[in-house]
Amino acid sequence: MSGAFAFDDTYRARAETIVARYPEGRQQSAVIPLLDLAQRQAGGWLRTEAIEYVAAYLGMPKIRVLEVASFYSMFNLEPVGTNFVQLCRTTPCWLRGSDDLRAVAKEVTGCELGETSEDGVFTVVEVECLGACCNAPMVQINDDYYEDLTADSFRVVLEALKCGETPETGSQSGRKGSEPAGELTSLNGVGKGA
């Protein structure tokens, strides 16, 4: 894909709303949300033209916008698959089985870490903490979290995505939020005069 980039009508309206939230003279602070919009419109990655467009839109030097885009791992500077699979490898996920998840990802998608499948359906990467440590191990796929995974439940998620289905997000063990995985072990008598 090459050529000029510009927000379409929908994304331009969203960009205008975002920029309007910032005080006069501080509109460049909208660089991260505008890069996110550009990445979404462009199919999951930021080509040079999109970065240059955001820079012009905000009246910023191109290099400053590139610095932001290249610093944050949420921005992709190369094409990614339809399903961008981010495997958390921080200690809680690692201790609870993320190595097994990586093996399943390789088996189902055919991707090594950092690769995109030949059919363009998956890109698999490892990332640092995704902020759901109490529900480890977990992955983020596009904007969705899949938590409390086992090798088997992760395989079900990936196979569903491979078939174009939308698997249920959140805890794959049925747990609600960050409630204990088993029975309560403390504060059992709170509110009962204990």
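The values are calculated or read from the model by the stated rules, or taken from the named source; none is laboratory data. Note that the structure is a prediction, hence the values are computed from the model and not measured. So basically every Cβ, Gly included, is an ideal-geometry build from the backbone, and we count neighbours across all protein chains shown.
Scan 60, 74 and give me the residue that is within 20 Å of residue 141 (Cα to Cα), out of contact with any Gly (no Cβ under 6 Å at 6 or more places or on another chain), outside any helix (DSSP H, G or I) and touching a residue at least 24 places away in the same chain (Cβ under 8 Å).
Just a single option satisfies the conditions, and that option is 74.
Name the helices (runs of 4 or more DSSP H) wholly inside region 85-194 in which the number of residues that are free of Cβ contacts under 8 Å to residues at least 40 places away in the same chain and among the basic types (Lys, Arg) is 2 or more.
By residue number, 98-109.
For region 38-45, check the following and say yes or no: at least one residue is outside any helix (DSSP H, G or I) and among the hydrophobic types (A, V, I, L, M, F, W, C).
Yes.
Could you tell me whether residue 28 is outside the structural domain of residue 132 (by TED's automatic domain parsing), free of Cβ contacts under 8 Å to residues at least 40 places away in the same chain, closer than 30 Å to residue 155 by Cβ and touching a Leu at 6+ places or on another chain (Cβ under 8 Å)?
no
Do the conditions hold for residue 33, that is, is it in the same structural domain as residue 133 (by TED's automatic domain parsing) and closer than 30 Å to residue 158 by Cα?
no
Is it the case that some residue within region 78-93 is under 30 Å from residue 137 (Cα atoms) and small (Gly, Ala, Ser)?
Yes, region 78-93 contains a residue that is under 30 Å from residue 137 (Cα atoms) and small (Gly, Ala, Ser).
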